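Written out below as structure tokens is the structure these notes cover.
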Amino acid sequence: MQTTDFKLDAPLTSLSGVGPALAEKLERLDLYRVEDLLFLLPLRYEDRSRLLRLGELRPGARAMVCGEVLLAETVYRRRRSLLVRIGDGTGQLTLRFFYFSRQQQAQFQPGVRVSCYGEARPGPLGLEMVHPEYRLLKPGQDPVTVDALTPVYSVTEGVQQGRLRNLVGQALTRMRASPPEELLPDDILASLDMPPLAEALEYLHQPPVDAELGLLAAGTHPCQQRLAFEELLAHYLSLRQLRLSASRVPAPPLGGGDEVVRDFIERLPYRLTAAQQRVASEVLSDMSRPHPMMRLIQGDVGSGKTVVAAIACLKAMACGSQAAVMAPTELLAEQHWQNFNSWFAQRDYGLAWLSGSQRAKERNESLQRIASGAARLIVGTHALFQEGVSFSKLALIVIDEQHRFGVHQRMALREKGASGAGQPHQLVMTATPIPRTLAMAAYADLDTSIIDELPPGRQPVQTVVLPDSRRDEVIERVRRACASGQQAYWVCPLIEESEVLDYEAAEARHEILTQALPGLRIGLVHGRMKAAAKDGVMRSFKDGDVDVLVATTVIEVGVDVPNASLMIIENAERMGLAQLHQLRGRVGRGARQSHCVLLYRQPLGELARNRLGVMRESNDGFLIAQRDLELRGPGELLGTRQTGLPQYRIADLLRDAALMPKVQRVAESLQGSLRETSARIVRRWLGDAGRYGKV
Ligand code: ADP
Ligand code: MG
């Protein structure tokens, strides 16, 4: 073996026990080099350093216990299972196995001592553990052998927990021999009062038994904060770098078009709100500059972002250039296509549609009109920046619902549109109203405009908060609403750590509602469906062919179904407020008064009660986002997963928002004097571009 194989940047196959097949599976966890293992932090920790007596075991507790086998038997009730009863004089416990070998069965002879670790749950025979991790003990052998907390990693198919622990252990051994480079200068580390990198990594993979589990579970332990800080810093530095380079390239000049734009605004069937006017003029002024605009429009659902985008497109077209509007799904793109057609069809600008599902003939025709410049406005999905698309004079790219597109996709699109005249202007629109500190992190490469006003006459959604013991009443309410021709959403919670369980929960709910609501058409969408299938169900709902849509939290952002006026959200107490607001924004789009029912599971803690209270009292996305940040509790179900914020490996923007001002300060000082260090930090965290901005 070569000496370099012992370095942290060596490939995983340099570890013992890792062949090409395993390496490939590890890639699915985004692990490529030995160092990557160090940055794969445990999801949680288990305490196997203390033995609990069986008499002390309570339902729901995860614990290490030890006892003597009293009885082992195979039973056939619904499923064949092996039941092993153990006792220690203070109490008894049943171990239940569904999968077991003959050999395993034979091990559990009465009198044999076993230690096991698992979660105690109430069963038909008292407390039981299903598939606990267990060990048979020799006479006199001490059941407790660890003196650190046991890390639990996120696993993938074919890579077991034990295997991952072993690999991380090997990586830690290497780290002790040659620690990863400390990239933060001493004085900065001291001013932040954070531990050095290697120390933090060591601690997080093998915390001592007296570690503060509460802090670790909340992700706020100084060692976790140390890593989150560096990761946020890396992203921030790289976004600032993008911003800087954009300010140096030319953009196609767009002088003129003012008359046309004014005329368009005058002919609209409504008056623009003051906020729309202000934002539109910020956009138009950016577009008349010789460098590419990079602007984000934040505006709550229904605040009227589309018409502002249309104004920007019109300006580009009136100046003889092309504009492209891109949405994350076919359905959303179609919605725009209809709007833009009704706005611009009478004018002489050619319009073209481009999507993945288009037939070859139609697609080729669009491509040809885009390349020749005959089409001045192009609407579509990702297909807009795929190979084979070449624009003739693209001056503006509008990206709706930005979070579905990663930063690197945005970059690719810009490259694609670049021509002799420079890089196109970019306008990004998001309905995720996020507080300033977060916007600073997520959109450090963009200038921000906010539409902070809704068009007049909107009826706010009325929200009630109910315990899920009243679910039957709620089902009745759905029945009545649908009987009077309305439609409803029924949102099931995401279940931690497992997409499969999410899906099963949604399926089960679909089943229950189908039985409880005979005569109604109940649809189902969830995250495991292919995009086309998902679009299909959403479309049936939009067309009124489905009465109740059961969904996991994947419901398309921005889909407009004005006839849907009732939204039920289960386990609302476990979701982020920003996400609840997003979900609730799916209703309240028609003339009818809309309602939202937030169901919670009892008991409801003080914090959760306050948070749900915010939802009941406010419909203002910015206020809710701010309160969300202030009232965040540990164990939040989703973190940033569905909030539209970027996802990081370790940092969680909502949890770590308070780090942002420091990140910004440190970034400024590094960029000023330590360019090389900044570049290395960016490389460590965003190394291969594939990971960049992945959502
Ligand atoms: P979003 O910001 O969520 O994308 P849209 O652009 O889809 O919102 O606008 C929501 C609805 O509000 C549309 O039906 C649109 O026609 C309408 N709308 C937009 N601006 C105004 C306005 N100034 N006055 C009245 N209605 C408006
Ligand atoms: Mg929209």
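The numbers here are math on the coordinates, done by the rules we state, and not lab data. Quick caveat: nothing in here was measured; it's all calculated off a predicted structure. Quick reminder, even Gly has a Cβ in these numbers, built from the backbone with ideal geometry, and neighbours come from all protein chains shown.
Before moving on, here are some points about what is shown:
- Relative packing of 386-393, 336-343, 102-109, 64-71, which averages over residues the other C-beta atoms within 10 Å, highest first: 64-71, 336-343, 386-393, 102-109
- Shape call, region 1-60: gyration tensor on alpha carbons, a/c limit 1.5: prolate
- Remark: relative contact order (region 560-618) = 45 percent; criterion is Cα-Cα distance under 8 angstrom and separation of 6 or more residues.
- Options VAL478, VAL307, ALA63, ranked by Cα towards positive dipole end of the chain, top entry (Cβ charges): VAL478
- Value of [θ]222 nm, deg cm²/dmol, for the chain, DSSP H segments ≥ 4, -39500 (n - 2.57) each, nearest 500: -12000 deg cm²/dmol
- Region 242-313 shape via C-alpha gyration tensor axes, a/c threshold 1.5: oblate
- The fraction of all Cα pairs in the chain landing in successive 20 Å bins from 0 to the largest distance is 15, 43, 33, 8, 0, given as whole percents.
- Region 267-308-region 218-255 distance, computed between alpha-carbon centres (Å): 25 Å
- Semi-axis lengths, Å, region 550-615, gyration tensor of Cα atoms, sqrt of 5 times eigenvalues: 23, 12, 10
- Between region 502-543 and region 54-84, the Cα center-to-center distance that results, in Å: 37 Å
- Distance from region 648-672 to region 170-196 (C-alpha centre basis), Å: 17 Å
- For ALA324, the residues 5 or more places off, or on other chains, whose built amide H falls under 5 Å of its own are ILE378, LEU396, ILE397, VAL398.
- Average Cα contact separation per residue, region 350-395, under 8 Å, 6 or more apart, as relative contact order %: 47 percent
- The residue among GLY544, GLY350, ALA171 whose Cα reaches farthest toward the positive pole of the charge dipole of the chain, with charges on the beta-carbon of Lys, Arg, Asp and Glu, is GLY544.
- Hydrodynamic radius (Kirkwood) for region 160-263, which is based on Cα pairs only, to one decimal in Å: 17.7 Å
- Take every Cα pair under 8 Å whose residues are at least 6 apart in sequence, average their separation, divide by the length of the chain, and the relative contact order is 12 percent.
- Nearest-20 debye value, the chain charge dipole, Cβ charges on Lys, Arg, Asp, Glu: 1160 debye
- Local charge for ARG347 was computed over the other residues whose Cβ lies under 14 Å away, with Lys and Arg +1 and Asp and Glu -1, and equals 0.
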